[in-house]
Amino acid sequence: TSVKLKFRPSTSPNREGSLIFQLIHDRTLRRIKSTYKIFSNEWDEATGQILLPPPSSLRFRYLQLLSIDVNWELHRLQRMAEVWTSEDPSCHIDDVVRSFTSTLNDHHSVFKFINAQIQRKKQLGKIRSSETYQATLNSFMRFRKGIDLSFDMIDSEMMELYEADLRRQGLTRNTSSFYMRILRTNYKLAVEQGLTRNRMPFRHVYCGIDKTIKRSISLADIKRIKDLDLLDYTRDMFLFSFYTRGMSFIDMAYLKRSDLKNGYLSYRRKKTGQLLTIEWTPQMQDILDKYRPYPTRYLLPIIAREDGNERRQYQNQMMKINRHLKDIEGLPASLSPPLALLQQAQLGYHRTRESDPDIVISEGLGHDSEATTQIYLDSIKCQEVDKANRKILKGL
């Protein structure tokens with residue numbers, strides 16, 4: 001199956017031409033005319049893409065948004081063709097074309113609505129949120145076999161079928177709930193905008209969050225990591241997370257040199273926006289000195305280049321560290337920097353349990369609520385673990 005974008009110029013030299021979606025399957029060709037219009041000088045025949053003018057151009061914003069919409073439709077057509085032809089070998093190309101064109105110009109369709117929210121979040125700089133929305137949209141599109149729909153078509157039965165489909169894939173209840181909550185958020189927004197009345201389609205599916213047992217490692221294991229001769233970078237980044245109250249890796253990546261002043265490290269959590277201040281210790285300084293000088297404004301050697309791909313660099317480093325940590329023999333398979341966060345929760349609990357531990361630890365870890373903190377504490381209220389933590393800490 002091949003899906004491409006084509007351009008058909010107008011017979012009049014001063015008028016816009018039409019963009020065409022070309023679909024080829026089993027040597028059968030179909031062309032679908034879209035409503036998108038551009039001028040001939042805005043089309044690159046060699047690459048099959050829309051040419052964007054300089055940002056100062058009056059047409060830049062229009063063409064930029066049009067390019068996003070067109071690429072989205074190409075993606076939708078490609079996925080639809082792949083799903084239909086793989087699941088039903090007898091499917092004819094015209095069946096795909098009919099389904100695709102039925103919602104091609106419906107700008108209030110569910111798929112297009114969620115995609116618009118994805119683009120908006122990217123513009124606002126909420127990249128992680130846009131990624132979770134994209135994952136949800138991809139999942140729901142797969143369930144729908146690429147067939148778009150209106151919000152009026154979403155009902156309780158459809159959501160129950162979608163939930164059952166997710167569970168058949170082996171996804172946990174928390175994961176299926178994750179998708180459901182994002183769909184519910186978009187549905188509520190569509191209701192607010194008058195695109196549908198509220199039919200309460202999520203009332204029979206699970207949209208909560210199950211508490212999970214937070215796996216921890218002992219301080220003896222942390223000491224082992226500290227003493228490892230191999231994987232210096234992985235070890236140092238894990239220990240830095242531990243030293244800084246279990247700082248998340250994304251917060252570590254975006255720490256700036258200016259965040260360190262007068263013996264204190266101050267930063268805002270990416271997840272909550274909460275401002276945290278941590279006393280700078282010799283252990284932190286040892287790690288920092290090891291990687292100086294560093295050519296960027298960032299404090300740690302995670303983002304090496306300020307070239308617009310900072311998030312990709314952070315993600316690549318995070319995957320590399322997680323992979324290396326999993327290879328350390330004798331440690332939990334799910335070992336990662338978040339376990340340093342849990343270990344800090346354990347340490348904080350035994351030191352503050354006599355006053356008001358939930359509040360103290362909630363503030364220390366940057367949680368928005370004590371309920372979040374309680375998830376970390378539920379499995380660690382054990383005096384024996386507390387005693388072991390004290391003893392091993394002294395030997396670090």
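The values are calculated or read from the model by the stated rules, or taken from the named source; none is laboratory data. Not measured: the values here are computed from a predicted model. Don't worry about glycine lacking a Cβ; one is built from the backbone with ideal geometry, like all the others, and counts go over all protein chains shown. Each accessible area value is taken on the protein alone, full model and side chains, heavy atoms only, with ligands, DNA and RNA left out. Shrake-Rupley method; radii C 1.70, N 1.55, O 1.52, S 1.80 Å.
So, in the range 147-166, how many residues would count as being within 24 Å of Arg120 (Cβ to Cβ), open to solvent by 10 Å² or more (accessible area, probe 1.4 Å) and assigned to a helix (DSSP H, G or I)?
Residues flagged as within 24 Å of Arg120 (Cβ to Cβ), open to solvent by 10 Å² or more (accessible area, probe 1.4 Å) and assigned to a helix (DSSP H, G or I) within the range 147-166 amount to 2.
Here is a check on your reading of the model: is Arg184 assigned to a helix (DSSP H, G or I) and in contact (Cβ under 8 Å) with a residue 40 or more places away in the chain?
no
Any residue in the range 31-43 that is assigned to a strand (DSSP E or B), out of contact with any helix residue (DSSP H, G or I) (no Cβ under 8 Å at 6 or more places or on another chain), at pLDDT below 85 and open to solvent by 40 Å² or more (accessible area, probe 1.4 Å)?
yes
Within the set of pairs 6+ apart or on separate chains, which have a first residue in the range 120-135 that is hydroxyl-bearing (Ser, Thr, Tyr), a second that is open to solvent by 40 Å² or more (accessible area, probe 1.4 Å) and assigned to a helix (DSSP H, G or I), and C-beta atoms under 7 Å apart?
Close Cβ pairs satisfying both conditions: Ser130/Lys122.
Restricted to the range 283-304, and to residues that are over 24 Å from Asn322 (Cα atoms) and at pLDDT below 85, which residue is nearest to the chain's Cα centre (by Cα)?
In this case the residue turns out to be Pro295.
Of the numbered conditions (1) more than 22 Å from Leu66 (Cα to Cα); (2) at pLDDT below 85; (3) touching a Leu at 6+ places or on another chain (Cβ under 6 Å), Phe151 fails exactly one; give the number of that condition.
All conditions pass for Phe151, except number (2).
Return the pairs, sorted by first residue and then second, in which the second residue is open to solvent by 30 Å² or more (accessible area, probe 1.4 Å) and not in a loop (DSSP other than H, G, I, E, B), the first residue lies in the range 138-164 and is among the aromatic types (Phe, Trp, Tyr), the beta carbons are less than 9 Å apart, and the residues are 6+ apart or on different chains.
Close Cβ pairs satisfying both conditions: Phe140/Tyr179; Phe143/Leu161; Phe151/Val191; Tyr162/Phe143; Tyr162/Tyr179.
State the number of residues belonging to the range 167-186 that are farther than 22 Å from Ser109 by Cα and crowded, with 16+ Cβ neighbours inside 10 Å.
3
Quick one: Asp251 ticks every box in (1) modelled with pLDDT of 80 or more; (2) open to solvent by less than 20 Å² (accessible area, probe 1.4 Å); (3) assigned to a loop (DSSP other than H, G, I, E, B) bar one, so which box is it?
Looking at each condition in turn, Asp251 falls short on (3).
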